[in-house]
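Participant: The structure follows.
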Ligand code: GAR
């Protein structure tokens with residue numbers, strides 16, 4: 001069985017979708033939820049489920065990303081994961097942390113990459129007048145929101161959409177796409193999945 005670490009910074013709705021799917025014949029199980037934010041809703045939920053949690057607050061490290069990442073590494077090592085799933089983890093990870101996990105770290109991003117890397121993706125897609133938007137699960141490489149695409153889901157942008165209504169429509173698809181991609185990935189299938 002593959003051991004999965006899930007990294008969250010906020011509410012963790014994607015984490016919940018991943019955990020809910022990792023049952024039965026799934027090739028993986030969640031072993032730890034990691035956050036940079038002790039107040040993350042995802043941490044409270046994981047604790048209530050009896051899943052191990054690790055909080056590594058980034059703030060005491062200031063600009064020293066290497067020291068923050070060393071602390072993350074030490075926390076992770078206690079759980080010996082095989083796969084890391086970033087699920088709304090809002091700290092940029094440097095090559096020093098990412099490179100050893102090449103091919104074993106996934107991320108979900110709320111846009112159809114390579115469009116709209118970074119933040120405020122929904123607003124940017126609306127402002128650009130795009131007809132469609134969506135989400136991407138990809139393997140993490142040291143470049144931000146880059147790396148081989150494992151799957152995408154597309155939604156329409158409607159004339160009356162705001163960033164909030166569009167983000168809710170995309171999030172629904174995130175909750176379908178990420179579990180579907182992880183299920184295949186954990187079983188050794190890295191073929192691209194489009195929903
Ligand atoms: C999700 O929309 C995810 O795609 C996005 O943050 C949200 C987290 O929601 N991730 C990023 O923007 C990564 N840069 P959740 O905590 O409810 O899963």
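Participant: For segment 97-122: of the residues being in contact with a helix residue (DSSP H, G or I) (Cβ under 6 Å, 6 or more places away or on another chain) and in contact (Cβ under 8 Å) with a residue 24 or more places away in the chain, which is nearest to residue 150 (Cα to Cα)?
Facilitator: Ranking the candidates gives 108 first.
Participant: Would you check if residue 179 is modelled with pLDDT of 95 or more, in a loop (DSSP other than H, G, I, E, B) and either within 14 Å of the ligand (Cβ to nearest atom) or surrounded by fewer than 19 Cβ atoms within 10 Å (Cβ to Cβ) (or both)?
Facilitator: no
Participant: Which of the residues belonging to segment 146-170 are surrounded by fewer than 19 Cβ atoms within 10 Å (Cβ to Cβ) and farther than 13 Å from residue 126 by Cβ?
Facilitator: If the condition is that a residue be surrounded by fewer than 19 Cβ atoms within 10 Å (Cβ to Cβ) and farther than 13 Å from residue 126 by Cβ, then 146, 148, 149, 154, 168 are the ones that fit.
Participant: Now a separate question. Which members of segment 1-30 meet the condition of being closer than 15 Å to residue 101 by Cβ, away from the ligand (no atom under 16 Å from the Cβ) and out of contact with any helix residue (DSSP H, G or I) (no Cβ under 6 Å at 6 or more places or on another chain)?
Facilitator: 3
Participant: Have a look at 136, 141 and point out the one that is surrounded by 13 or more Cβ atoms within 10 Å (Cβ to Cβ) and more than 12 Å from the ligand (Cβ to nearest atom).
Facilitator: The conditions single out 141.
The values are calculated or read from the model by the stated rules, or taken from the named source; none is laboratory data. Since the structure is predicted, the reported quantities are computational estimates derived from the model, not experimental observations. For neighbour counting, all protein chains shown are included, and Cβ atoms are generated from backbone atoms with ideal geometry for every residue, glycine included.
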